[in-house]
Structures are given as structure tokens and as C-alpha cells.
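The values are calculated or read from the model by the stated rules, or taken from the named source; none is laboratory data. Note that the coordinates shown come from a computational prediction; the quantities given were computed from them, not determined experimentally. As a convention, Cβ positions derive from the backbone with ideal geometry for all residues, glycine included, and neighbour counts pool all protein chains shown. Protein only, heavy atoms only, side chains kept; ligands, DNA and RNA dropped before computing areas. Shrake-Rupley method; radii C 1.70, N 1.55, O 1.52, S 1.80 Å.
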Amino acid sequence: MTDTLSVEHLSARYPGGFALKDISFSASRQTITGILGPNGSGKSTLLHSLCRLVPAEGKVCMNGKDIWSMRPQERAKTIAIVPQHIEKSPLSLMDFVLTGRTPHKKWYQLSYEAKDRTIAEECLQTVGKDTGLETYDLYRKKMNELSGGERQLAAIARALCQQADVLLLDEPTANLDLSNQIHILKTIRRVVLHKKMTGLIVLHDINLAIGFCHRFLCLNQGQTAMQGDIRDIIQKERLEAIYHTPLCIGTHPQKDTPLVLPAF
Amino acid sequence: MSEFSRKTALWILTFLLALLLGVLASLSWGEMFISPLSWLSLPEGGMETAILVGLRLPRTLSAVCIGGMLSLSGCLLQGLFKNPLVEPYTLGLSGGASLGVAAAFACGMGLTAGTGIFALTGAAAVSLLLLLYFRVCRSVENLLLAGIMTGILCSAATTLIMSLSSPEDLTRILYWTMGSLAGCSLQGAYLLSGFAGGGLVLAVLLSQRINILGLGHETARSMGVNTSLLIPVLLLLTALLTAISVSLAGIVGFVGLVVPHILRRLAGNDYRRLVPLSFLGGGLFLLLCDFISRILLYPSQLPVGVVSGILGGGLFVYLLLKSHSDPR
């Protein structure tokens, strides 16, 4: 498997200090990299830096091409982000998802073509499978009438519409109930594999990350604390030091994978 | 044709028709009624032709263009700041223009074409300040605050000049701030139509980008919208439209706030529809205000800014009360 996304010596500053310091990693196609770490460790800043939403130093390449030196529109065709908070919008579900076609449109183009609508419908079908989204009239259902989970799915569909190689997701399961969390993560895994994308996902729940990610990058105070596969990051003492809390590490009764629980 | 395009076309046609009727009424009515049926047969050099072409045509054209430009500016700024309560004057542009006019009087100039240039310079100086500020701070929220503060500063400076002016100049400055469409020449009105048309075309072309901006500036950037370019372009466009309007007609209040606000409720939030409708609606609103200002206390005329303020303010309060009583 060839490395497709490579990040070298990435650093980001905020007034008076480092938000990220010398982060280097690579991620392959059809894999999901889980980004873990306590609050304030720089997980979201990392995602925002990768797609140039915040200034940072270093080098980020996709298949050898420097993403940061691309024009904004070209960059958006390479890397797409699903933000943590999906804004409520008066747009219809279809119009909202269609905005993901923006990088493929000229600045003065006012309407979307039939091809854009077909892509948007296909993306909505991919993420909306077995959910309420399937049952809605895409042109009449407004975004601000959807539940939090449905809005998150719509935002993933919008990001897929960008037809980018890299998909970044910033805590897509925050504020969702258990069934919605599992559904969203299963959907993400399905689309990353099916569309041959490179997925990077910020998650707070280590067990969910173990269940759905292929590789891991654990940050602490803006620096790489650990990275690799499950065996590399499930190290009790180091996790306890990073999260500042005693932990118990057991085994998942069905999947035979590690299970990390706080020891309270 | 999609349902959206069909509905948009219907809205635009309705407003165009209403505007056409408004223009016909504005050209026909006045001290002397000149029937539209007789326009083509009017003798060249006659008094009726002079009234129609020399007085009413420039005034009507100016009302449509200035109303349209102010409303368009309001609509664009509301999209840019994601705040339906922002209007062109919030950014201190009217304050800058008033200061320019006060300075013109302080320099010993009367109400001449030069006053307009001073007003334009004042508004342009404020726009440049705001653009510089945006270049430094890169925050749209702070830009709004900076605009309000600049407006307050300009207003204080204007008051200082007024306090030092002679009673005659004081009256003239006050009269100018009330707004009037009486001083426009035909050539000036044609030039204004060109500016307004150009501004409208650019705004329509940018309307889909403003829709994307409404999803959040960060989201827009992540989707490839070059916000570092789009935001200054929008600011410059609105500043120009407002500065030209204010320099020609003085402070005509509430058009840029109320008209886009009402249209948003009627026709939805999509800027591809809202932008052209705001222009047409603003033109229609100011035409109506000008018409009322001419006939209400006939033979004397009210300043158009007073009528637009009362009508616009009244409508705004009504809308606010209605939205509170509306269970939606």
C-alpha cells in the first residue's frame, strides 16, 4: 500500500506558544486514521491546518503534490472537511449537499448542472442508506428541520460531493446518541473504503476509534505522543499519563480487541 | 427550468411590472399631470417636455437607482455579516459622507456639485479605512464594530463642525442630511444608472458565493471559496454603491435595512433571488417614498429621507411585532 497523504514537520502557533509542534505522519488510501488525545491537545487544529483553515508551517502532500501551495479551489478538490458543528441553514437538504460542488464550479456560475445533482443524489444515497434521509423530499426538507445526526450525515454527503481524495472529520459523533454514533462511523468506514479515500477522524472515545479506525495518531500538548496501529497505542501507562486518569484495559467480549475504560 | 428558476423569474417579473407602473406614475404625476399617452406627441422645447425630461425623468431614475443601490448594499452586507440587522449606514459610510459635506460647508462651499464630491470622498475614506482594518484584523465581526465606531467618530466630528458653523450653513447641512432627490441632473441620472446596473450585475454574479458564505466563512473556505478576495470585493462594492447614493441624495434611511428584510421573509434566503429582488424592491420603495414626499404636503415637498424613515421604520416595527405574535 503506498502512502498517499504525507505530513512533515507540521507546526502551528497561537499567540504565546505552539498549538502543534513538529507533527509528522502519513496515511494511505482506504484507511481511516483516528486522531486521539485529551481536550486542547491540538486535534482539531491539526485538521484545520491540513486544509489550510489556520496558518501553519511544514509540508502536507497528497501523492507528492503540495496541498498548501494549491489554489483554494484546487485544494478543496483534494481535501474535504466535515466540521464539528454543522450550522443550521435555511437551505433545502439538496441545496445544502449541492454546495459541496462549489470547488467544481466557476465563481460566477449561479446554477448547478444535472451532473451535479446526480452526484449529490448519489452521495446522499450513500450516506443516507437506512436512515430518515432516504424518506425525505430532498428539495423541500430544510436543513434546520433535521436532527443533529441527520445534519451530520448531510454534512458528510456534502463533503463527499467535493470528490476529494482526503476526508477529514472533526468529532463527527459529538452530541449523538449511541446508535447514531455507530451508524455515522459505519457510514464513514463504508465510504472511505468504497470511494478509495484517505480518512482522518478526530474522536474522543478511544473504544469507538479502536472499533472503526485502522491506524492512530495520539496527540498530547500539541505533539505526537504515539502513533501506529492498535498495539502501538494501547499502552496503559502512556495512555494514563496522556489523559491524566487511571485506566483499566480489558478485552472486547465479542471482537477480541482492547477495551479502554476509566478506573473510577 | 427548475422550480427555483421559475419562481425567481416570476418574482422578478412581478417586481419589474410594479416598478414600471411606479415609474409611469412618478413621471405623470406632479404639479401638472402629463398623461403617458401624450408623451410621444409633446412638442419639443415645450414646458411639459421640460418638466418631463428635465425634472421628473432624472428624479425618477435617481429614485429607482439610489433605492436599488442602497437596498442592494444592505442585502449584500446582511449576507456578508450573516446578520439581517446590518444596513449600509451601520458601517459608518453615511457618517463619513456627512462629515465630508460638513467639511465642504466649513470650506465655504455652498450646496453645489462639489458638496457631492466631498460626500463621496468622506464615504470613500471610511471604506478605505474599513478595508485596511479588514486587511489587518481579518475578522468580519470586528469589522462591524470598527464600522460602528468609525460612524460615531465621524458623527462627533460633524457635530463639532456644525457647532462652529453659521446658522445658515447649519440649516443647509441639516437639510442635506435629511435626504433629497431634487438635485439630480439628467446626465447625472444616466451615469448613476450605469453604476447601479454594473453593481447589480456583479452582485448577481457573486450571489451563489454569498450563499456559500452564509454557511460560515470557515466552511466556505474549506469548499474553495477565496474569502480573502470575496470579502474585500463585497465590502468595496457595497461601499461604492452606498457612497455614490449618499453623495447624490444625502442620508436616505431605512431602505437598506427594511427592503432586504421584508424580501427575505417573502421570497426566501437564497441570494440568487434576493439580490435582484432587493435592487428592484429598493427602487420601488424609494420611488414610492419620493412620490409621497412630493404630494403629501403639496405644494411644498418633504425631504425623502423623512418619508423613507417613517415608512421604513413603521414597517420594520410592524414586522418585528408580527414575528413575535407569529407562533412560527
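Taking the Cα centre of the protein assembly as shown as reference, the dipole from Cβ charges on Lys and Arg (+1) and Asp and Glu (-1) amounts to some 840 debye. Across the range A:98-254, the relative contact order, built from alpha-carbon pairs under 8 Å that are at least six residues apart, equals 17 percent.
The slack between A:Asp229 and A:Thr257, meaning 0.36 nm per residue of separation minus the straight C-alpha distance, is 8.9 nm. Of all aspartates and glutamates in the structure, those lying under 19 Å Cα to Cα from A:Lys255, and not within fewer than 8 positions of it along the same chain, are A:Asp205, A:Asp229, A:Asp232. Neighbours of B:Gly147, meaning other residues whose beta-carbon lies under 13 angstrom from its beta-carbon, give a summed charge of -2 when Lys and Arg score +1 and Asp and Glu score -1. Taking the 1.4 Å solvent-accessible surface of chain B as the whole, the part contributed by carbon and sulfur is 72%. The H on the amide N of A:Ala19, modeled in the peptide plane, is under 5 Å from the matching H of A:Ala12, A:Arg13, A:Tyr14, each at least 5 residues off or on a different chain. Contact order, relative form, for the range A:50-124: 25 percent (alpha carbon pairs under 8 Å, 6 or more residues apart, mean separation divided by residue count).
Among A:Lys141/B:Lys322; A:Lys77/A:Lys195; A:Lys77/A:Lys105; A:Lys59/A:Lys105, which pairs are too far apart, with a Cα-Cα distance over 21 Å? Distance filter (> 21 Å) returns A:Lys141/B:Lys322; A:Lys59/A:Lys105. With a Förster radius of 45 Å applied to the C-beta separation of A:Leu178 and A:Tyr14, the computed FRET efficiency comes to 0.85. For the range A:215-264, carbon and sulfur atoms together expose 51% of the accessible surface, with a 1.4 angstrom probe and every protein chain in place. Largest accessible area first, the residues B:Trp39, A:Trp68, A:Trp107 order themselves as A:Trp107, B:Trp39, A:Trp68 under a 1.4 Å probe with ligands, DNA and RNA left out.
The residues of the range A:33-62 listed by number as losing at least 40 Å² of accessible area in the complex, against the isolated chain and with a 1.4 Å probe, are A:Leu53.
Using a 1.4 Å probe on protein heavy atoms only, how many Å² of accessible area do B and A hide from each other, summed over both chains and rounded to 100?
So the total buried area for this chain pair works out to about 2000 Å².
Which whole number in µm²/s is D for the protein assembly as shown by Stokes-Einstein, with the Kirkwood Rh taken over Cα pairs at 20 °C and 1.002 mPa s? For these conditions, the coefficient is 79 µm²/s. Between B:Tyr190 and B:Ser166, the contour length at 0.36 nm per residue exceeds the Cα-Cα span by 5.1 nm. Ranking B:Gly256, B:Leu57, B:Leu153 by Cα position along the charge dipole of chain B, where only Lys, Arg, Asp and Glu carry charges on their C-beta atoms, puts B:Gly256 farthest toward the positive end. Efficiency by 1/(1 + (r/R0)^6): what FRET value for A:Gln109 and A:Glu237, r their Cβ-Cβ distance, R0 = 41 Å, to the nearest 0.05? Once the sixth-power term is evaluated, E becomes 0.15. Annotation: aspartates and glutamates with alpha-carbon distance below 12 angstrom to A:Lys129 (same-chain offsets under eight excluded): A:Glu121, A:Glu150. Under a 5 Å amide H cut-off, with hydrogens placed 1.01 Å from N, A:Gln227 pairs with A:Cys218 among residues at least 5 apart or on other chains. Positive contributions from Lys and Arg (+1) and negative ones from Asp and Glu (-1), summed over other residues with Cβ under 14 Å from the Cβ of B:Glu3, come out at +3. Going from the isolated chain to the complete set of protein chains, the range B:177-212 loses at least 30 Å² of heavy-atom accessible area (1.4 Å probe) at B:Leu205, B:Gln208, B:Arg209, B:Ile212. Each residue of the range B:37-48 was assigned a 3J(HN,Hα) from its phi angle through the Karplus expression (A = 6.51, B = -1.76, C = 1.60, θ = phi - 60°), giving 5, 9, 4, 6, 9, 5, x, 5, x, x, 5, 4 Hz with x at Gly and Pro.
Take the Cβ-Cβ distance between B:Ala106 and B:Leu55 as r, set R0 to 35 Å, and report the resulting FRET efficiency rounded to the nearest 0.05. According to the calculation, E is roughly 0.65. Relative contact order, whole percent, for the range A:3-233 stands at 31, derived from Cα pairs under 8 Å and 6 or more residues apart. By accessible area, using a 1.4 Å probe on protein heavy atoms only, the range A:1-148 has 48% of its surface on carbon and sulfur. Going from the chain on its own to the full set of protein chains, the range B:222-261 has these residues losing 30 Å² or more of accessible surface (heavy atoms, 1.4 Å probe, no ligands, DNA or RNA): B:Ser222, B:Met223, B:Gly224. Would you mind computing, in nm to one decimal, how far apart the modelled labels at B:Leu40 and B:Leu13 are, each placed 7 Å from Cα along Cα→Cβ? Spacing of the two 7 Å Cα→Cβ label points: 2.5 nm.
Exposed loop positions in chain B were taken to be GluC sites (Glu not before Pro) whose DSSP state is not H, G, I, E or B and which have at most 14 other beta-carbon atoms within 10 angstrom. Between these positions, the longest stretch is B:45-328. Backbone phi angles across the range B:87-96, fed through the Karplus curve with coefficients 6.51, -1.76 and 1.60 (θ = phi - 60°), yield HN-Hα couplings of 9, x, 6, 4, 7, x, 5, 5, x, x Hz in residue order; Gly and Pro are listed as x. Taking all protein chains into account, the per residue accessible area for the protein assembly as shown stands at 46 Å² (1.4 Å probe). Distances between placed amide hydrogens fall under 5 Å for A:Ile81 paired with A:Leu168, all partners being 5 or more residues away or on another chain. A simple rule links phi to the HN-Hα coupling: the Karplus curve 6.51 cos²θ - 1.76 cosθ + 1.60 with θ = phi - 60°, which for the range B:63-71 gives 4, 5, 5, 5, x, x, 5, 5, 5 Hz, with x for Gly and Pro. B:Tyr271 sits among other residues whose Cβ lies under 13 Å from its own Cβ, and their net charge, with Lys and Arg +1 and Asp and Glu -1, is +3.
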